[in-house]
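Reading through the structure tokens given below for one structure.
The values are calculated or read from the model by the stated rules, or taken from the named source; none is laboratory data. Quantities reported herein were computed from a predicted structural model and do not represent experimental measurements. Because the Cβ atoms are built from the backbone with ideal geometry, glycine has one as well, and the counts that use them run over all protein chains shown.
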Amino acid sequence: MTPSRPVLIAGPTASGKSALALALAERDGGVVINADALQVYACWRVLTARPSDTDLARAPHRLYGHVPCDAPYSVGAWLADATAALAEARALGLRPIVVGGTGLYFEALTRGLAVIPPTPPEIRARAMARHADGGRAALEADLARDDPETLAGLDRRNPMRLMRAWEVFAATGRGLASWRREPAAPVLPLGDAEPAVIEVENMHLVHDIRQRIDKMIEGGALDECRHFLAAGHDLAAPSGRAIGAAELVAHLEGRIDLDEARNAMAIATRRYAKRQRSWFRNRMADWPRLTARALDRL
């Protein structure tokens, strides 16, 4: 790696990307900048595997836990925060090391983000009502009629993505795919950085995911969910999409036992990792790959 250039590290959950970022930050005098859409929320530390106090003391970290749990937060908001963090790193002479598993954040950073008009509150309320009444199928049907181009590229299992596409068309009369063809100039073009996607063998990932879940539960994930509920937060909100939140809440409410919650968390995490790997494979094919063996040599 060229020492003077920013580093971009993407990888699925439980792949070791945060440990690599911290090691590079210590070695090169860097700052770790979060690119994970759930680690931004203040209410989730254990459940999203945010850096520990020990890790935070080893190197500067930015954009972790800085968003209130009930606040809206978009890729555009993250890009603005990341732009400020990169400028701060340059001013302080620190090497930026951007790390996370949210492919859309990296895409916005390196390819540019379309400036889409904000969604009026009444349109957002209509989208949520449409989902509440008809579920994902209703949103899909509307998009198939109004914006099939965007629908073709969406993860249809993700209601937040469907609602976002629905909102954009309802608010602007143009599809999300059409807006995205007009991105602003990228904040950090890929050619100006040292990018890498971490690849992990599936059997190793499954083992590491299970170990991580056990550590989360032992480390206070249930208490985080109790506080989440006590504060009046909703699992339907963006912050409620933290992997494992729904399963642990189901246990706290007496609907499943703890072993069932662990198993459900493992299944949800594996599915999430599969979606991440699919994104990296299809949308970040031009990024160099790092295997576990290569990591050992760094």
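Numbers at a glance
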| quantity | calculated |
| --- | --- |
| Positions within segment 85-103 being free of Cβ contacts under 8 Å to residues at least 60 places away in the same chain and within 20 Å of the chain's Cα centre (by Cα), in sequence order | Ala85 |
| Residue identified as surrounded by fewer than 21 Cβ atoms within 10 Å (Cβ to Cβ), of a type in the set (Gly, Ala, Ser) and outside any loop (DSSP other than H, G, I, E, B) among Ala82, Ala91 | Ala91 |
| Selected residue (only one of Ala242, Ala261 is within 20 Å of Ala37 (Cα to Cα) and aliphatic (A, V, I, L, M)) | Ala242 |
| Selection from segment 37-52 of residues that are touching a residue at least 60 places away in the same chain (Cβ under 8 Å) and surrounded by fewer than 21 Cβ atoms within 10 Å (Cβ to Cβ) | Arg45, Val46, Ala49 |
| Segment 179-196: number of residues that are farther than 15 Å from Glu107 by Cβ and in contact with a helix residue (DSSP H, G or I) (Cβ under 7 Å, 6 or more places away or on another chain) | 0 |
| Members of segment 1-23 that are buried (at least 20 other Cβ atoms within 10 Å of the Cβ) and of a type in the set (A, V, I, L, M, F, W, C) | Val7, Leu8, Ile9, Ala10, Ala14, Leu20, Ala21, Leu22 |
| Tally, over segment 66-79, of residues that are of a type outside the set (A, V, I, L, M, F, W, C), touching a strand residue (DSSP E or B) at 6+ places or on another chain (Cβ under 8 Å) and either in a helix (DSSP H, G or I) or surrounded by 19 or more Cβ atoms within 10 Å (Cβ to Cβ) (or both) | 0 |
| Cβ-Cβ under 7 Å pairs, at least 6 apart or on other chains, segment 279-291 side surrounded by 15 or more Cβ atoms within 10 Å (Cβ to Cβ), far side part of a helix (DSSP H, G or I) and charged (D, E, K, R) | Arg283/Glu107 |
| Residue list for segment 237-262, restricted to those being touching a helix residue (DSSP H, G or I) at 6+ places or on another chain (Cβ under 8 Å), surrounded by 14 or more Cβ atoms within 10 Å (Cβ to Cβ) and not in a helix (DSSP H, G or I) | Ile243, Gly244, Ile256 |
| Those residues of segment 51-80 which are touching a helix residue (DSSP H, G or I) at 6+ places or on another chain (Cβ under 9 Å) and either under 15 Å from Ala242 (Cα atoms) or modelled with pLDDT under 95 (or both), in sequence order | Tyr64, Val67, Pro68, Cys69, Asp70, Ala71, Pro72, Tyr73, Ser74, Val75, Gly76 |
| The listed residue being in contact with a helix residue (DSSP H, G or I) (Cβ under 8 Å, 6 or more places away or on another chain) and part of a strand (DSSP E or B), out of Leu8, Leu38, Leu47, Leu20 | Leu8 |
| Flag for Ala184 being in contact with a Gly (Cβ under 7 Å, 6 or more places away or on another chain), under 30 Å from Ala129 (Cα atoms) and modelled with pLDDT under 95 | no |
